[in-house]
1. Quick check on my filter: what residues within the stretch 97-151 are among the small types (G, A, S) and buried (at least 17 other Cβ atoms within 10 Å of the Cβ)?
2. So, in the stretch 72-83, how many residues would count as being more than 18 Å from I200 (Cβ to Cβ) and either modelled with pLDDT of 90 or more or touching a Leu at 6+ places or on another chain (Cβ under 8 Å) (or both)?
3. With among the basic types (K, R) and at pLDDT below 85 as the only criterion, which of R86, R96 stands out?
4. Which one is modelled with the highest pLDDT among residues in the stretch 30-63 that are under 14 Å from I200 (Cα atoms) and buried (at least 17 other Cβ atoms within 10 Å of the Cβ)?
Amino acid sequence: MLSTNLSDNYNHITAVLTSYYSPYISHMKIPWRIQFLFWWYTLLRRKFNHERVIKIGKKGRGASKILFLLPAEKEHAQVASHFVKRDFVDDTLQVRYVVHQEGIQYYSDQLKPDIISFSNDDMNWLGAIVSESVLDRIKSIQYDAMVDLNQSDEQTLSLLSMELDIPVKIGFQSALSDKLYTLVIQRSTTGFLETNYETIERILGLK
């Protein structure tokens with residue numbers, strides 16, 4: 001059972017290994033659009049990450065190529081921006097950020113060269129990115145890790161995780177989190193906290 005309090009320290013972050021073999025999900029509290037989109041990805045786009053393994057941690061090399069999925073909603077984007085605008089110590093890191101074009105305004109100008117934005121025209125009616133040019137940009141790097149900073153249960157961008165062949169996928173707890181990520185962090189009842197971000201940095205070997 002996941003910890004109920006994540007606000008104090010690293011021990012309150014629960015890492016859950018994902019089982020990708022079960023296609024069944026509980027439909028409780030999942031918006032119908034997200035349910036349809038989940039099955040769309042499952043049947044047409046889903047990738048199973050079995051071939052490539054990266055060791056991240058004190059005895060590993062850490063992540064050097066990272067993809068962030070960023071929230072576009074003002075409430076969540078303004079908080080997430082405080083984390084992603086940091087300068088990472090290692091200048092050799094390759095970092096890309098995916099966000100809807102309406103959310104770019106909430107992020108630092110220094111991120112813009114590495115932002116991959118998309119519009120409503122790049123998505124199908126369910127909310128999945130189907131533009132080949134956008135997907136090609138996203139997949140142009142063989143990432144070591146993906147971090148999804150979205151918290152909204154209505155956010156369709158999170159399901160892009162199912163299409164990406166990335167060994168380490170980190171995201172926040174939701175009704176679908178065990179199907180989307182390899183490491184799950186329980187949401188804080190008081191919103192994003194500094195310790196949550198610091199924990200992500202430790203997991204990725206950035207601190």
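1. The answer is G103, S117, G127, A128, A145.
2. Residues meeting the conditions: 3.
3. Values: R96 fails: at pLDDT below 85.
Going through R86, R96 in turn, just one is among the basic types (K, R) and at pLDDT below 85: R86.
4. A63
The values are calculated or read from the model by the stated rules, or taken from the named source; none is laboratory data. Predicted model only: the values in this text are computed from it and were never measured. Note: ideal-geometry Cβ built from the backbone for every residue, glycine included; neighbour counts use all protein chains shown.
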